[in-house]
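Single-structure report; data block below.
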Amino acid sequence: MNRISFVENELKALRKELREHKLYEALKSIEDVQTFMESHVFAVWDFMSLLKSLQQSLTCVTLPWIPRANAKTAQFINEIVLGEETDVNELGVPKSHFEMYIDAMKQTGASIESISNFISEVYDGKEIEEALNTVAISKETVDFVSFTFDVIRTNQPHIIASCFTFGREDLIPDMFLEIVKNTEEENNVDYSKLTYYLKRHIELDGDEHGPLSLQMIEELCGDDEQKWDDVLYYAKESLQKRINLWDGIAKEINTEVLV
């Protein structure tokens, strides 16, 4: 068994827990989807910082330019940045996936107040943890984003790549799309922006980004046993943080139902 296969095998239990998470059964209406998006948008946002951190480490973004030792990983990261930061929306307009998600939130009626206030605080120069404490979001969401930036602060490309590769898979099930589709038909509304975002994200992750990210892990770790140990540890931590985030959203949805 090669090292990538070993890591993936060690992650099976956590992935199964995510696939069978109670959150998916809680998602029954467009209001539930709105609640989901209001927390999940923070994960969409901080993914870009993981990506840009890798771009800083694996490509040259300073002056004067100098070639990087591994052009293969540099090419991969630049391709991901192109797809995530400057993709095109359903109208062919260049937008980041984060901006597409915000547009989808607006179209579905989800509130963007918390994420907008948070971005404003970050823009004004506040530290991430300080900015997180100024917005009304769950502890699980705060912990998720805080962990992401703890990972970034390691300045270790293989650790950051582990969270990027194994902790950020598209874990939104097909039923998410089904809820959107059924709500559109029943209420004669248009949620095309969310449908496009979901399908586009799944397409890129499955067909292009997923396989390339595994190659990146292999390139970064080589035969270094400590790096492979780090990759497994942080992959597990990333998936556990995702489970905790899902726990928080499910709790919020169930609380709203009771109210």
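The values are calculated or read from the model by the stated rules, or taken from the named source; none is laboratory data. None of these values were measured; they are calculated from a predicted model. Cβ: placed from backbone, ideal geometry, glycine included. Neighbour counts: every protein chain shown. Only protein heavy atoms, including side chains, enter the accessible area calculation; ligands, DNA and RNA are left aside. Shrake-Rupley method; radii C 1.70, N 1.55, O 1.52, S 1.80 Å.
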Quiz item: Of the residues Glu38, Glu130, which single one is open to solvent by 10 Å² or more (accessible area, probe 1.4 Å) and either hydrophobic (A, V, I, L, M, F, W, C) or closer than 27 Å to Tyr196 by Cα (or both)?
Solution: Glu38
Quiz item: Taking the range 1-10 only, how many residues are exposed (fewer than 14 other Cβ atoms within 10 Å of the Cβ), part of a helix (DSSP H, G or I) and hydrophobic (A, V, I, L, M, F, W, C)?
Solution: 1
Quiz prompt | Only one of Glu84, Glu99 that is touching a Ser or Thr at 6+ places or on another chain (Cβ under 8 Å), within 27 Å of Ala161 (Cα to Cα) and either open to solvent by 60 Å² or more (accessible area, probe 1.4 Å) or not hydrophobic (A, V, I, L, M, F, W, C) (or both) | solution = Glu84
Quiz item: Taking the range 35-48 on its own, how many of its residues are among the small types (Gly, Ala, Ser) and within 10 Å of the chain's Cα centre (by Cα)?
Solution: 1
Quiz item: Out of all the residues in the range 1-40, which are farther than 30 Å from Gln226 by Cα and aliphatic (A, V, I, L, M)?
Solution: Leu23, Ala26, Leu27, Ile30, Val33, Met37
Quiz prompt | Which numbered condition Asn78 misses (of (1) open to solvent by 50 Å² or more (accessible area, probe 1.4 Å); (2) assigned to a helix (DSSP H, G or I); (3) over 27 Å from Ser162 (Cα atoms)) | solution = (3)
Quiz item: Is it fair to say Glu90 is more than 25 Å from Asp150 (Cα to Cα) and part of a loop (DSSP other than H, G, I, E, B)?
Solution: yes
Quiz item: When Ser213 is evaluated against the numbered criteria (1) of a type outside the set (Phe, Trp, Tyr); (2) within 16 Å of the chain's Cα centre (by Cα); (3) modelled with pLDDT of 90 or more, which criterion, by number, is the only one it fails?
Solution: (3)
Practice problem: Could you tell me whether any residue of the range 138-149 is assigned to a helix (DSSP H, G or I), open to solvent by 30 Å² or more (accessible area, probe 1.4 Å) and small (Gly, Ala, Ser)? | Solution: no
Quiz item: Since Ala110 meets every condition but one in (1) outside any loop (DSSP other than H, G, I, E, B); (2) in contact (Cβ under 8 Å) with a residue 12 or more places away in the chain; (3) under 20 Å from the mean Cα position of the chain (by Cα); (4) under 30 Å from Lys181 (Cα atoms), which condition does it not meet?
Solution: (1)
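Suppose we filter the range 113-137 for residues that are free of Cβ contacts under 8 Å to residues at least 60 places away in the same chain and outside any helix (DSSP H, G or I); how many remain? Walk me through how you get there before you give the answer.
Here is the first cut: in the range 113-137, the residues free of Cβ contacts under 8 Å to residues at least 60 places away in the same chain are 113, 116-117, 120-136.
Okay, now just the ones that are also outside any helix (DSSP H, G or I), so 124-127, 133-136.
Qualifying residue count, the range 113-137: 8.
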Quiz item: Within the range 65-75, is there a residue that is assigned to a helix (DSSP H, G or I), of a type in the set (Ser, Thr, Tyr) and closer than 23 Å to Ile115 by Cβ?
Solution: no
Quiz item: Does Tyr123 satisfy the condition of being open to solvent by less than 20 Å² (accessible area, probe 1.4 Å) and among the aromatic types (Phe, Trp, Tyr)?
Solution: no
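Of the residues in the range 79-110, how many are small (Gly, Ala, Ser) and either closer than 13 Å to Trp45 by Cα or at pLDDT below 90 (or both)?
2
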Self-check item: Every residue from the range 11-26 that is within 19 Å of the chain's Cα centre (by Cα) and either touching a residue at least 12 places away in the same chain (Cβ under 8 Å) or open to solvent by less than 10 Å² (accessible area, probe 1.4 Å) (or both)
Solution: Leu11, Leu14, Arg15, Glu17, Leu18, Arg19, His21, Leu23, Tyr24
